[in-house]
1. Out of all the residues in the stretch 91-109, is one or more in a helix (DSSP H, G or I) and modelled with pLDDT of 75 or more?
2. Taking residue 45 as the residue in question, decide whether it is surrounded by fewer than 18 Cβ atoms within 10 Å (Cβ to Cβ), modelled with pLDDT of 90 or more, out of contact with any helix residue (DSSP H, G or I) (no Cβ under 7 Å at 6 or more places or on another chain) and under 17 Å from residue 147 (Cα atoms).
3. Return the residue satisfying two criteria in turn: it lies in the stretch 57-86 and is part of a helix (DSSP H, G or I) and without any contact (Cβ under 8 Å) to a residue 40 or more places away in the chain, and of such residues it is surrounded by the most Cβ atoms within 10 Å (Cβ to Cβ).
């Protein structure tokens, strides 16, 4: 499907592998959202082209990290297509908060890992994706905004909401885990 698009042959191999191994799976994933095979194929091709255009930023990713990033791109582009078609999106409305960047990193240092994992799983998908890309993949704000399909300015709001909701869920989970241990 794609010709040579990089000066580095190993990059071409990784991207071809991603598309050949995960392309059909991503099309099925996109169909879950858009319910139309042609649209799903267009979405996956669009995301693959976008990934190729910006691949120099992701050259250090492992194959599994690249696959995860690609699936987030596909899902968010599905949301974008649905929104353009004025269909309803399954996203909950949430309130804003004013937490700072430092508190975002601190919350991960001061938490018990098991409780933190359980808390993250209960976050809305967009916030889970944000936390995964920020903390575990250590992506730049520009890359995270691109992957989530939001303007860079909206990323700070997503961060604040993710922190607020994660802190609330973590406190509830911590109380639950403490009472279940006794």
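1. no
2. yes
3. Result: 83.
The values are calculated or read from the model by the stated rules, or taken from the named source; none is laboratory data. Since the model is a prediction, treat every value here as computed from it, not as a measurement. Cβ sites come from the backbone with ideal geometry, for glycine too, and all protein chains shown count toward neighbours.
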